[in-house]
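Below is one structure; the comments refer to it alone.
The values are calculated or read from the model by the stated rules, or taken from the named source; none is laboratory data. Computed from a prediction, not measured in an experiment: that's the story for all the values here. No Cβ is skipped: glycine too gets one built from the backbone with ideal geometry, and neighbour counts run over all protein chains shown. With ligands, DNA and RNA removed, areas are computed over all heavy atoms of the protein, side chains included. Shrake-Rupley method; radii C 1.70, N 1.55, O 1.52, S 1.80 Å.
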Amino acid sequence: MADLGVARNTIQILQKYQFHFQKKYGQNFLVDERVLERILSAAEITKEDCVLEIGPGIGTMTQYLAERAGEVVAVEIDRNLIPILEETLEAYSNVTLINDDILKVDVNRIVSEKNGGTPIKVVANLPYYITTPIIMGLFEGHVPLKSITILVQREVAERMQAGPGTKEYGALSLAVQYYAKPEVVAKVPPNCFIPRPTVDSAVIRLVRYEEPPVKMLDEEKLFAVIRAAFNQRRKTLVNALGNAQGLGVTKDRVVKALEEMGLSLTVRGEALSLEQFARLISLLGTS
Ligand code: SAM
């Protein structure tokens, strides 16, 4: 089978099937062997691994994964790609293809059926329009996983990795860093894809913590407070949390908690680390 990481081979198969790209599915197919190798090496795939690939497209990365992993499960929403995938993956008996929306698939069930509940690895060139719901769905759904190695919009990768006090830092940084250690491992320009996206991309690896870096009794509360803090980014924490609907805290309590932590009463959410958010919540008495 021809290497689909080479542009001319991808074009040939797309023409053979008269495939029409669907913008609504964020279809930008990777045609760069070096980037494919970089993703695979960052994910450290071995025959011991069961890999979930989200959005295999025409099967370019799936072929690379099938060569190295023990088992691959690929979930593709676009049914027009299924006949193509059946051809490009014909040679591999370790690939299971599922034609469905990843947001509707029970990934926990896949892990128990395909890997006996042992943590899997997720590898994907993600559709950019649903990057955050996919990642947060995997983390918040407590899917057993070792790592997620993904190609995403560069700006989103930078937000996931950002620390307090930077302009990229926000609710996504904190949510990701509660579950995993992020590391941007490569930057990828638009000319590595067909069709070319309008934005730069990056490969980021998220290695799942066995234990979260902060102990929280109530994760939902943690994320509710973080969301409220960044919802109105320009507001002080006292105003953002004190006015937030459904949070059940008064401005007075926020003031007392910040004083206890030795923080200024004009501090904004963007200045607080994950540990400080956890401490703030315990002082607010909401966890
Ligand atoms: N992996 C291929 C590659 O690297 O060339 C394709 C990557 S393309 C950026 C994203 C893929 O995800 C497309 O094949 C698209 O049809 C698929 N996709 C989009 N939304 C999806 C969803 N909700 N569930 C599963 N697949 C989806």
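For PHE21, the criteria (1) open to solvent by 20 Å² or more (accessible area, probe 1.4 Å); (2) within 30 Å of VAL111 (Cβ to Cβ) hold in every case but one, which is (2).
Within segment 72-86, at least one residue is in contact with a strand residue (DSSP E or B) (Cβ under 8 Å, 6 or more places away or on another chain), away from the ligand (no atom under 14 Å from the Cβ) and outside any loop (DSSP other than H, G, I, E, B). Taking the criterion of being exposed (fewer than 15 other Cβ atoms within 10 Å of the Cβ) and at pLDDT below 95, would at least one residue in segment 121-132 satisfy it? The answer is yes; a qualifying residue exists. Only a single item in (1) assigned to a strand (DSSP E or B); (2) closer than 28 Å to LYS181 by Cα; (3) more than 17 Å from the chain's Cα centre (by Cα); (4) not hydroxyl-bearing (Ser, Thr, Tyr) is not met by VAL51, and it is number (3).
Screening the candidates PRO182, PRO190, PRO144 for the property of being under 15 Å from LEU126 (Cα atoms), modelled with pLDDT of 95 or more and surrounded by fewer than 21 Cβ atoms within 10 Å (Cβ to Cβ) yields one hit, PRO190. Looking at segment 100-155, which of the residues that are assigned to a helix (DSSP H, G or I) and of a type in the set (S, T, N, Q) is nearest to the ligand (Cβ to nearest atom)? This residue is THR131.
Criterion first (of a type in the set (Lys, Arg), within 30 Å of GLU37 (Cα to Cα) and open to solvent by 50 Å² or more (accessible area, probe 1.4 Å)) does ARG196 satisfy it?
Values: of a type in the set (Lys, Arg): yes; within 30 Å of GLU37 (Cα to Cα): yes; open to solvent by 50 Å² or more (accessible area, probe 1.4 Å): yes.
Criteria met by ARG196.
Selection of segment 115-137 for residues being free of Cβ contacts under 8 Å to residues at least 60 places away in the same chain and under 18 Å from SER173 (Cα atoms) yields THR131, THR132, PRO133, MET136, GLY137.
Only one of these is of a type in the set (Gly, Ala, Ser), open to solvent by less than 20 Å² (accessible area, probe 1.4 Å) and closer than 28 Å to LYS221 by Cα: GLY170, GLY117. Name it.
GLY170
Look at segment 41-69: where a residue is under 16 Å from VAL107 (Cβ atoms) and open to solvent by 10 Å² or more (accessible area, probe 1.4 Å) and a partner is within 10 Å of the ligand (Cβ to nearest atom) and assigned to a loop (DSSP other than H, G, I, E, B), sitting 6+ places away or on another chain with Cβ atoms under 7 Å, you get GLY55/LEU126; GLY55/PRO127.
Out of all the residues in segment 157-172, is one or more within 16 Å of the ligand (Cβ to nearest atom), assigned to a loop (DSSP other than H, G, I, E, B) and out of contact with any helix residue (DSSP H, G or I) (no Cβ under 7 Å at 6 or more places or on another chain)? No; the residues of segment 157-172 include none that is within 16 Å of the ligand (Cβ to nearest atom), assigned to a loop (DSSP other than H, G, I, E, B) and out of contact with any helix residue (DSSP H, G or I) (no Cβ under 7 Å at 6 or more places or on another chain).
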